[in-house]
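**Student:** Okay, here's the structure, questions in a sec.
The values are calculated or read from the model by the stated rules, or taken from the named source; none is laboratory data. Note that the coordinates shown come from a computational prediction; the quantities given were computed from them, not determined experimentally. Note that each Cβ is placed from the backbone with ideal geometry, even for glycine, and that neighbours are counted across all protein chains shown. Side chains included, ligands, DNA and RNA excluded: accessible areas come from the protein's heavy atoms. Shrake-Rupley method; radii C 1.70, N 1.55, O 1.52, S 1.80 Å.
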Amino acid sequence: MMNWKFFGTIAAVLLGGCSEDVSGEAGESLPFWPSTSTAAQPIEGVTRMRVSVDDVLVRSGPQSFALGRLYRGEAFDVSYRDSNGWMWGYAWGHVNGCAWVQLAVGSNAPNFDAAPAPPAGHARSCGTHRQFAAGDFSAGDADVNAIDGQTLNVTCASFETWGNWNHSGPQHRSHGSRSDQSVRLRYTVRGGGGAMVRLGPGEWLFMRRECLGTSGVSGTMPRPPACEHRVGLFAWNCAGPIAGLNCVRLHEDSDPHTWDDNYVCTAGDIGLRWSNAGPVAGMRCTQLREDADPHTWNDNYLCVPESSTIELFWSMAGPIAGRACLRLYEPSDPHTWGDNYLCFGTWAPPPPSPPPPPPPSPCGGHTQRCCDGGRCDNGDLICHGGQCINHRCCARCSGLDRAHHVMVSSDCTEHARNWCADRSNRGRLIGADWGYCEP
């Protein structure tokens, strides 16, 4: 029978109120089932309770699916209580969502003690009570008739168990590592990363779904959503290498969201290499980053050899138009990995650099450019048209009376001829066809 003395004490508190106390509230994170609450300052009709036993299962409805656990001292804000002691409200701790808990089990002492009323703004109301449908929290394999779950083989040599699971994956607290060869699967967590399993009488805990087989004594069960796919030369799988392909593991040791079994694969070895600590020297590297992910995705690179004919591109906002793109999706990671793509194309080496300009030609000599300021090497040369010329080089004289004339030079340039043809430069020379004649 119910211990009515304890029940009466708790019921009286539910109708009353206490002083402020906010200890035992953890930072909020999203549960894997749809759960909304409203903060108020204060919320009328909400009463704060605290777990008084080691732990209490949080459920989708009275006597229904387990969604997680509250631990000793953690808070529950009651919005509704039925006549059988089931309470609907906001579970704090590492649940942080609206759910159901049981005030007491049979004739046992209550699972909760009255707690001081929370200060303004620290309570949560879940509004009208309701039960969650199986599709709200499971991947479609929650069977309401299989209350003890279905037996599946365990494919991992050992596996970790947890009391809670949310959109980020496993949550506080760890219940240790196990080596069971089979478990009773209650459901796969919506999103596919975790599974609620029974390990013993009343021992409902979470484990990674990847450690479970697809069949057991109760028949075939659905697997988590597949993430293996191929585009052209490349393929991706978030659950191990792909048989028959050359695969490189993309691991980020600081990321807890199962980034230890993700692989990029190619049809044949193209020299692909991964680095989670900066680009690889001597290779062409493309940064793979997700700005919304806080787990050091700012120094991760996928590289190809310098001689490769393949060029890689990365997009955090969908495929790149005009390129072949492969979606790199990790369903257990909540940090917007659904729109990240590795794209690829043919490597086009940059055009060669233009040759350096030729050094300037020497200046100041005969038929060379004039130096700065119109200077030439000696007084016999003059700067004409930007070129130094010998004004005595280009005489071609004929028909001069009573004078002996000598041709100074026969290698006259066009600049020199133009100078000599200018009558103002010929001075007293009479009868020269062009040039400068010297007696």
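**Student:** Identify, from the list Thr336, Thr296, the residue that is under 16 Å from the mean Cα position of the chain (by Cα) and surrounded by 14 or more Cβ atoms within 10 Å (Cβ to Cβ).
**Tutor:** Result of the check over Thr336, Thr296: Thr296.
**Student:** Follow-up question, since we're still on this one. Which is more than 29 Å from Trp165 (Cβ to Cβ), modelled with pLDDT under 90 and out of contact with any strand residue (DSSP E or B) (no Cβ under 9 Å at 6 or more places or on another chain), of Pro354, Pro331, Pro294?
**Tutor:** Pro354
**Student:** Of the residues that make up segment 134-149, is at least one open to solvent by less than 40 Å² (accessible area, probe 1.4 Å) and in contact with a helix residue (DSSP H, G or I) (Cβ under 6 Å, 6 or more places away or on another chain)?
**Tutor:** yes
**Student:** When segment 179-197 is examined, which residues are found to be surrounded by fewer than 18 Cβ atoms within 10 Å (Cβ to Cβ) and either in a strand (DSSP E or B) or touching a strand residue (DSSP E or B) at 6+ places or on another chain (Cβ under 7 Å) (or both)?
**Tutor:** Asp180, Gln181, Ser182
**Student:** I've got another one for you. Quick test for you: out of Glu306, Glu330, pick the one residue that is surrounded by 14 or more Cβ atoms within 10 Å (Cβ to Cβ) and of a type in the set (D, E, K, R).
**Tutor:** Checking each option against the conditions leaves just Glu330.
**Student:** A follow-up question, please. In segment 24-46, is there at least one residue being open to solvent by less than 60 Å² (accessible area, probe 1.4 Å), closer than 30 Å to Asp148 by Cα, of a type outside the set (Lys, Arg) and modelled with pLDDT of 90 or more?
**Tutor:** no
**Student:** Looking at Thr266, Thr286, which one is surrounded by 15 or more Cβ atoms within 10 Å (Cβ to Cβ), more than 22 Å from His167 (Cβ to Cβ) and within 16 Å of the chain's Cα centre (by Cα)?
**Tutor:** So the residue among Thr266, Thr286 that is surrounded by 15 or more Cβ atoms within 10 Å (Cβ to Cβ), more than 22 Å from His167 (Cβ to Cβ) and within 16 Å of the chain's Cα centre (by Cα) is Thr286.
**Student:** Tell me, which strands (runs of 3 or more DSSP E) lie completely within segment 57-142 with 3 or more residues that are more than 19 Å from Leu205 (Cα to Cα) and modelled with pLDDT of 90 or more?
**Tutor:** Counting at least 3 such residues, we get 75-81, 86-91, 112-114.
**Student:** Could you please tell me which pairs satisfy a Cβ distance under 8 Å, a separation of 6+ or placement on different chains, a first residue in segment 262-277 that is over 21 Å from Tyr329 (Cα atoms) and touching a residue at least 40 places away in the same chain (Cβ under 8 Å), and a second residue that is open to solvent by less than 20 Å² (accessible area, probe 1.4 Å) and among the hydroxyl-bearing types (Ser, Thr, Tyr)?
**Tutor:** Matching pairs, first to second residue: Ile270/Ser308.
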